[in-house]
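Have a look at the structure below before the remarks.
The values are calculated or read from the model by the stated rules, or taken from the named source; none is laboratory data. Not measured: the values here are computed from a predicted model. Neighbour counts run over all protein chains shown; Cβ positions are idealised from the backbone, glycine included. Please note that ligands, DNA and RNA were not included when accessible areas were found on the heavy atoms of the full protein model with its side chains. Shrake-Rupley method; radii C 1.70, N 1.55, O 1.52, S 1.80 Å.
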Amino acid sequence: MLKFTKMHGLGNDFVVINALEQAVNLDGEQVRRIAHRRLGVGCDQLLVIRPGTDGAADFLYSVYNADGSEAEHCGNGLRCVALYLRANGLIRKDELLAQTPAGLLKIYFEGDLVKVNMGCPDFEPARIPLAVAAPQQLYRAELDGGQVEFAALSMGNPHAVVRVDDVESAPVELVGPHLQRHALFPAGVNAGFMQILDHSHIRLRVYERGVGETLACGTGACAAVVAGIEVYNLADKVQVSLPGGSLTVAWAGAGEPVWMTGPGTTVYEGRIGNL
């Protein structure tokens with residue numbers, strides 16, 4: 001039997017598995033069964049917490065999408081993992097260092113909220129990855145039915161940010177999948193649709209790679225704010241309103257990390273058998 005905790009960050013929901021205290025070795029099919037919303041527990045991503053292999057890190061975490069693929073980074077998930085560790089007495093300090101595929105990231109507890117260093121954004125096409133020769137502020141892709149303009153960057157995972165007039169009527173379910181499998185993105189992409197309300201407030205919907213549209217996406221919120229600052233003159237601290245709630249994202253500019261602040265919620269604990 002595998003113990004787990006169901007958590008969510010603004011409706012972006014996770015199965016959190018503690019591999020510090022139990023043996024965990026899941027393959028892609030097992031991840032898909034756990035993530036299935038009718039036949040399993042149901043989640044957008046499965047998060048596994050392991051001991052850090054870097055001497056400085058408090059823990060290492062791995063992220064698996066609902067389709068069984070491994071993701072590089074998950075901001076909402078990282079907040080939930082930090083809250084899980086504190087709630088279960090596994091961490092007793094106010095500052096943590098997480099080992100992630102995106103590097104070592106600092107985490108701070110601010111009351112009931114968690115502030116996460118999400119790393120520095122990367123605009124270099126080869127590292128997004130994006131199949132173009134040189135970086136640009138905005139790119140264009142030919143899709144069925146027309147052309148879409150977007151900013152592209154990596155937040156440890158690939159993001160395309162499309163500015164829209166109204167997120168409610170934005171063609172997220174149509175354009176999102178087409179962008180994800182476009183030849184410009186050899187590793188796929190998370191497609192964000194951003195409506196700018198004013199210089200310090202945006203609305204956002206994200207069609208996540210390997211999952212589909214989620215109620216919130218932490219790295220997507222960071223990517224949208226960075227793109228908004230670079231291209232559309234947003235303020236250096238922005239409220240991001242997602243379908244599941246709000247995050248605060250701050251970025252001081254080139255060479256600096258992006259900081260994201262938001263909540264996390266524990267829903268229930270359980271055990272999984274017959275994997």
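Quick one: how many residues across the range 215-236 are crowded, with 24+ Cβ neighbours inside 10 Å and more than 10 Å from the chain's Cα centre (by Cα)?
From the range 215-236, those crowded, with 24+ Cβ neighbours inside 10 Å are 216-228; that's our starting set.
Applying the additional criterion that residues be more than 10 Å from the chain's Cα centre (by Cα) yields 224-228.
Summing the residues that are crowded, with 24+ Cβ neighbours inside 10 Å and more than 10 Å from the chain's Cα centre (by Cα) in the range 215-236 gives 5.
Restrict the check to the range 45-58 and report whether at least one residue is of a type in the set (Asp, Glu) and within 21 Å of Cys222 (Cα to Cα). Step through it out loud before you land on a result.
Filtering the range 45-58 for residues of a type in the set (Asp, Glu) gives 54, 58.
Checking the rest, the ones that are also within 21 Å of Cys222 (Cα to Cα) come to none.
Scanning the range 45-58 turns up no residue that is of a type in the set (Asp, Glu) and within 21 Å of Cys222 (Cα to Cα).
Is there a residue being out of contact with any Pro (no Cβ under 6 Å at 6 or more places or on another chain) and touching a residue at least 60 places away in the same chain (Cβ under 8 Å) anywhere in the range 89-96? Checking the range 89-96: at least one residue is out of contact with any Pro (no Cβ under 6 Å at 6 or more places or on another chain) and touching a residue at least 60 places away in the same chain (Cβ under 8 Å). Taking the range 192-212 as the range and being within 15 Å of Pro243 (Cα to Cα) and under 12 Å from the mean Cα position of the chain (by Cα) as the test, the residues that pass are Gly192, Val206, Tyr207, Glu208.
Looking at the range 7-25, which of the residues that are more than 17 Å from the chain's Cα centre (by Cα) and open to solvent by less than 40 Å² (accessible area, probe 1.4 Å) is modelled with the lowest pLDDT?
The first filter runs over the range 7-25 and keeps only residues more than 17 Å from the chain's Cα centre (by Cα), leaving 17-25.
If we keep only those that are open to solvent by less than 40 Å² (accessible area, probe 1.4 Å) as well, we get 17-19, 24.
On the way: Ile17: 97, Asn18: 96, Ala19: 95, Val24: 91.
So the residue we want is Val24.
Can Gln99 be described as polar (S, T, N, Q) and open to solvent by 60 Å² or more (accessible area, probe 1.4 Å)? Here the answer is no, as Gln99 does not meet what is asked.
Based on this model, can you work out whether Thr261 counts as more than 22 Å from Gln136 (Cβ to Cβ), modelled with pLDDT of 95 or more and not small (Gly, Ala, Ser)? So Thr261 passes the test. Thr53 meets each of the listed conditions (1) over 20 Å from the mean Cα position of the chain (by Cα); (2) polar (S, T, N, Q); (3) at pLDDT below 95; (4) surrounded by 14 or more Cβ atoms within 10 Å (Cβ to Cβ) apart from (4). Considering the range 221-275 alone, what residues qualify as being of a type in the set (A, V, I, L, M, F, W, C), part of a loop (DSSP other than H, G, I, E, B) and within 29 Å of Leu2 (Cβ to Cβ)? Across the range 221-275, the qualifying residue is only Leu275.
If I ask for residues that are under 14 Å from Gly273 (Cβ atoms), in a helix (DSSP H, G or I) and open to solvent by less than 50 Å² (accessible area, probe 1.4 Å), which ones from the range 26-41 would you list?
Gln30, Ile34
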